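Report on the structure given below.
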Amino acid sequence: MKTTTHHFDKLVSKALDSTITEAEGDHLRAILKEYPSFQKRYCRAILIESLFHWEEVEESSSLDTKIIAFPYWAQALSFAAVLICLLSAWLLHDSGSQAGTHDAEVLTANFSERKNTNFPSKPATIKGNFLLGETSSSNKVINKASEYINEFLPTNAINSKSFLQFQDGLAMMSIESKLSTSSMSGIMPLSDGEMMKLSAMEINPVSRNAEIVETLRVYDMTSSDQNFKSVDAVIHINQSFTEMSDATEFVLSLHALSSPQEDSLIQVESSSRTIFSDNDQSTWERVDTSISIPRGTDYLVVALSARKSGPSALNAHHQEFFGDELDVAFLGI
Amino acid sequence: MNSVSIEYSQLLTSIQKSLYAFILSLLPNRSEAEDVLQETNLILCQKAGEYDQNGHFQGWAFKIARYQVMKHMTKRKRSKICFSTDIVEDVAAEEFDSKRVAVMQKALSICYELLPKKMRFIAKLRFKKEKSIKDISKEVNRPMGAISSTLYRIRQKLLDCVSEKLVLVESEADFKNS
């Protein structure tokens with residue numbers, strides 16, 4: 001059997017377009033079996049085809065779309081498979097988590113708050129500390145806040161000593177000291193000698209997204225009699241240099257939570273602002289957001305998240321992400 | 001729920017491209033290969049505890065993927081073509097090595113830009129937007145047969161170009177590493 005490269009390429013192309021007939025399929029199989037040189041060409045053709053799969057489906061112009069844009073349902077299922085993996089990794093990584101010991105409830109994610117500032121999100125509820133199924137940024141924030149509230153905010157808690165602080169008469173749990181680092185990866189803190197280094201991103205290889213959400217502060221709004229009407233938050237962000245020369249999406253968010261029952265939290269209002277960092281280690285970008293504090297707010301949470309999407313997300317663990325000079329101001333006493 | 005370490009999830013992340021290429025080499029149909037990829041990822045997560053850390057992760061993952069392809073083929077008989085694993089497996093293990101994939105991707109991006117404009121447009125519709133030949137035919141107002149032929153020529157051009165540029169990109173990478 002004499003086979004030309006053209007004929008072989010045609011068969012491979014037809015196979016990849018699912019237009020190959022059964023007889024042609026048998027022929028292709030026979031060629032591959034008989035000629036090792038065609039095996040190599042076949043593998044290269046396949047690799048080229050598969051690499052396109054990882055390219056961006058669309059130019060990522062739409063900030064108001066969901067974080068994870070699935071081309072079709074199959075990838076959503078694929079995401080679910082890997083989600084189990086990554087959620088497990090996250091739970092292991094996160095020393096404070098108590099996976100499996102609490103009631104789980106799937107939360108409704110609200111990605112719409114990603115864009116722009118200051119519009120409310122739909123209420124989301126959580127019971128216990130463990131979240132299964134959805135891992136939207138809001139869910140992660142609420143979940144973590146719930147954990148902190150249980151562990152640190154009661155002023156008599158043993159663990160609270162190092163994390164509990166007071167601001168404007170409000171008891172506040174902050175993990176900034178836990179994330180604190182001096183200059184590293186060529187990045188100097190903005191003013192004093194300390195800055196915050198965010199934890200490693202969680203990577204979803206199938207949807208090619210990576211994200212880390214840090215719940216930086218939780219304020220116990222019931223700890224003061226003062227009637228605050230709104231709150232402003234400002235932070236500066238930076239990322240370590242990457243050869244891929246791409247930006248990282250940072251989101252500063254505020255979440256007003258209510259606790260109608262002892263073991264549940266409801267998000268009554270949230271606001272966020274997104275900024276894309278540049279790839280220059282020497283500059284810090286400023287991001288701010290504000291929120292009106294609704295009546296019945298028991299806790300106010302300040303969170304910072306960093307996200308990457310596309311091929312660079314797969315290497316996100318090689319990069320470091322920083323925040324500095326977080327300033328939260330309560331207004332309207 | 002199974003526990004998966006950060007290291008394990010990073011390993012899994014690093015071989016996604018290779019794994020998908022391997023599955024596609026056995027089952028040359030994108031959507032079916034994606035189905036099998038997700039099934040394989042799930043199994044790999046479930047079997048995390050069984051992975052021997054001294055072993056070759058990619059080889060182990062390929063073995064599981066191969067089994068999943070076979071299982072998929074038994075379950076669904078709609079695939080027109082599927083290759084028995086012994087035909088391409090040895091070559092695939094070498095060609096789909098993660099480092100090689102990275103080099104290949106660089107070469108491909110160069111070659112893609114070198115395609116004539118019209119071809120690049122068709123390539124974008126088919127490969128990046130994952131449109132069917134029928135849809136492309138409607139969009140560019142050309143018969144389906146012509147689209148098939150164009151796609152064959154695009155693949156051939158890319159294949160030849162990538163093989164040529166691969167040497168260049170590899171030597172550049174070696175130079176940077178030295």
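Odds and ends about this structure:
- Answer residue from segment A:7-21, given it is more than 7 Å from chain B (Cβ to nearest Cβ) and surrounded by fewer than 21 Cβ atoms within 10 Å (Cβ to Cβ) and is nearest to the chain's Cα centre (by Cα) among those: A:Thr21
- Selected residue (only one of A:Met195, A:Met172 is open to solvent by less than 10 Å² (accessible area, probe 1.4 Å) and within 20 Å of A:Gln319 (Cβ to Cβ)): A:Met195
- Considered as a group, the residues in segment A:34-57 that are in a helix (DSSP H, G or I), at the interface with chain B (Cβ under 7 Å from one of its Cβ atoms) and modelled with pLDDT under 85 include one that is surrounded by the most Cβ atoms within 10 Å (Cβ to Cβ), and that residue is A:His53.
- Checking A:Glu262 against (1) at pLDDT 90 or above; (2) of a type in the set (Asp, Glu); (3) surrounded by fewer than 16 Cβ atoms within 10 Å (Cβ to Cβ), the condition it does not meet: (1)
- Check on A:Ser282, more than 14 Å from chain B (Cβ to nearest Cβ) and open to solvent by less than 10 Å² (accessible area, probe 1.4 Å): no
- Qualifying positions in segment B:116-142 - open to solvent by 90 Å² or more (accessible area, probe 1.4 Å) and in a loop (DSSP other than H, G, I, E, B): B:Asn141, B:Arg142
The values are calculated or read from the model by the stated rules, or taken from the named source; none is laboratory data. A quick note: this is a predicted structure, and the numbers were derived from the prediction, not measured. Every residue, glycine as well, gets a Cβ built from its backbone with ideal geometry; the counts of neighbours run over all protein chains shown. The protein model used for the area step is the full one, side chains on, heavy atoms only, and it has no ligands, DNA or RNA in it. Shrake-Rupley method; radii C 1.70, N 1.55, O 1.52, S 1.80 Å.
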